[in-house]
1. Restricting attention to segment 26-45, which residues are open to solvent by less than 100 Å² (accessible area, probe 1.4 Å) and either part of a strand (DSSP E or B) or farther than 24 Å from residue 67 by Cβ (or both)?
2. Restricting the search to segment 54-64, which residues are polar (S, T, N, Q) and open to solvent by less than 70 Å² (accessible area, probe 1.4 Å)?
3. Determine whether segment 6-25 contains at least one residue that is surrounded by 12 or more Cβ atoms within 10 Å (Cβ to Cβ) and within 16 Å of the chain's Cα centre (by Cα).
4. Which residues, counting only those in segment 40-86, are among the aromatic types (Phe, Trp, Tyr), farther than 21 Å from residue 100 by Cα and touching a residue at least 12 places away in the same chain (Cβ under 8 Å)?
5. Filter segment 49-103 for residues that are outside any helix (DSSP H, G or I) and touching a His at 6+ places or on another chain (Cβ under 8 Å) and give the result.
Amino acid sequence: FLDQCTDEAKALGLTGPQFVAKSVIPRIIRSGRAALCLQSFYTAGPKEVRAWTIQKGTLAPQAAGVIHTDFERGFIKAEVCNFDDFKALHAGQASMAKVKDAG
């Protein structure tokens, strides 16, 4: 449907980025998450990376409880870093040493 709308605009002589039909679903999702004060945190292992949704302001032990209730009771610490730093410095290694060294 979006391609059809874009093609109709071109047929009418309307060109440019403002006349390309785009889905608003991502915007609706972002707005809904913001209105509900939700955010995500990620867990990464050798086989998968997973996003978990929590309420903004949730403390680390309670966030760990979203994964499994035992994690909340036995919570020790969280290794936290900026995603852009993680992506740039981690390079798939098992250690977070480079990310920690970068601060």
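The values are calculated or read from the model by the stated rules, or taken from the named source; none is laboratory data. In this text, all values refer to a predicted model and were calculated from it rather than measured experimentally. All Cβ positions, even for glycine, are placed from backbone atoms using ideal geometry, and neighbour counts span all protein chains on display. Side chains included, ligands, DNA and RNA excluded: accessible areas come from the protein's heavy atoms. Shrake-Rupley method; radii C 1.70, N 1.55, O 1.52, S 1.80 Å.
1. Hits for segment 26-45 are 26, 31, 35, 38, 39, 40, 41, 43, 44.
2. First, pick out the residues of segment 54-64 that are polar (S, T, N, Q): 55, 58, 62.
Residue satisfying the conditions is 58 alone.
3. No, segment 6-25 has no match at all.
4. So in segment 40-86, the residues among the aromatic types (Phe, Trp, Tyr) come out as 41-42, 52, 71, 75, 83, 86.
Now drop any that are not farther than 21 Å from residue 100 by Cα, which leaves 52, 71.
Residue satisfying the conditions is 52 alone.
5. Once the filter is applied, which keeps residues that are outside any helix (DSSP H, G or I) and touching a His at 6+ places or on another chain (Cβ under 8 Å), segment 49-103 yields only 96.
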